[in-house]
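I have placed the structure first, in the form of structure tokens, so that the comments after it can refer back to it.
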Amino acid sequence: MPLFESGRRLCLLLEAGGTRFSVEATSVTEVASPGPDETSLRGVLEIQDLSELLGGEPEPTPGMVVVFDVSPTLAVRVRSIVEVADVARAVHFVLPSGLGATLASLSHSAVLYKERLYLELNADALPQAPGAAKPPAPLPVHLALSPPERSLVFESQGRLFGLPLSYVSQVAMRTPSFCELPGRSGAVAGLLPHGQVLWPLYSAPALLLGGSVVAEDFLVLADVEGRRLGMCASRVLGVFPHFTSTLNPGEFTAPGLPMPVLFADPRRMFS
């Protein structure tokens with residue numbers, strides 16, 4: 001009988017590259033400190049960096065080493081070990097679609113344990129060397145063709161963006177349960193469990209302008225024809241009417257706003 005069917009499911013909880021992971025304890029053969037040269041375990045197993053394997057930046061050394069029971073044996077450096085925990089009765093989520101083929105092969109679900117979200121990692125699917133992890137294909141950019149009647153306006157990385165009020169579910173704050181995605185995850189900053197659902201949180205500058213991804217403190221949560229998602233924001237300016245077009249595609253202005261607002265067409269981008 002599988003461990004979790006007997007009411008017990010032991011997992012190793014760890015952090016790597018800003019992401020929290022949960023790994024079945026049966027997939028782990030050893031947890032140890034790296035050797036003196038910080039590149040091998042006891043001079044036998046070469047240490048790979050888990051963050052780099054998943055397309056991210058190198059982990060600060062020395063970190064900790066986790067040895068996975070895969071073929072061939074894989075020893076990876078992680079930032080920290082959180083604990084070994086029984087997560088059988090924790091809240092589990094299925095990952096939303098659109099996060100990229102690499103993440104889909106590595107993780108199908110996540111677990112919320114002690115108010116922190118952990119991606120459940122399939123050790124057998126880990127690449128053995130950096131370079132195999134690929135970011136998801138960017139979404140086609142569809143900008144609004146006409147001004148909305150009323151829109152929520154928010155700021156992200158110094159630029160104003162708008163979302164028609166009919167799509168907005170609520171404005172929330174990013175909580176400690178938020179979990180970054182590993183590596184280069186396109187325009188998605190991370191995942192947030194909210195209302196029994198995992199919400200992918202997008203960075204509007206990355207999504208619409210090809211800019212960098214920043215996980216900001218405010219979240220504009222939206223429902224686009226049944227697809228739930230969020231937009232990160234540094235501040236929310238409020239609801240505004242009476243938008244008029246500028247000469248730039250997708251850009252509109254309204255009385256009381258300090259600068260023009262860029263609008264996507266959510267239905268064409270996300271439905």
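The values are calculated or read from the model by the stated rules, or taken from the named source; none is laboratory data. Everything numeric in this text was worked out from a predicted model, so none of it was measured. In this analysis, Cβ positions are derived from the backbone assuming ideal geometry, glycine residues included, and neighbour counts consider all displayed protein chains. Ligands, DNA and RNA are stripped out before the accessible areas are found, and what is left, the full protein with its side chains, is counted by its heavy atoms. Shrake-Rupley method; radii C 1.70, N 1.55, O 1.52, S 1.80 Å.
Within this structure, Leu99 passes the test of being in a loop (DSSP other than H, G, I, E, B), aliphatic (A, V, I, L, M), surrounded by 17 or more Cβ atoms within 10 Å (Cβ to Cβ) and within 15 Å of the chain's Cα centre (by Cα). If the condition is being without any contact (Cβ under 8 Å) to a residue 40 or more places away in the chain and assigned to a strand (DSSP E or B), then the range 45-61 contributes Leu45, Glu46, Ile47. When Ala123, Ala137, Ala129 are checked against the criterion of being exposed (fewer than 15 other Cβ atoms within 10 Å of the Cβ) and either touching a Lys or Arg at 6+ places or on another chain (Cβ under 6 Å) or within 21 Å of Pro96 (Cα to Cα) (or both), a single residue qualifies: Ala137. In summary, strands (runs of 3 or more DSSP E) completely within the range 144-213 and bearing 1 or more residues that are crowded, with 19+ Cβ neighbours inside 10 Å occur at 150-156, 159-164, 188-194, 197-202. Among the residues in the range 70-84, are any more than 21 Å from Gly190 (Cβ to Cβ), open to solvent by 60 Å² or more (accessible area, probe 1.4 Å), among the polar types (S, T, N, Q) and part of a strand (DSSP E or B)? No. Residues in the range 219-241 that are outside any strand (DSSP E or B) and modelled with pLDDT of 95 or more: Ser234 only.
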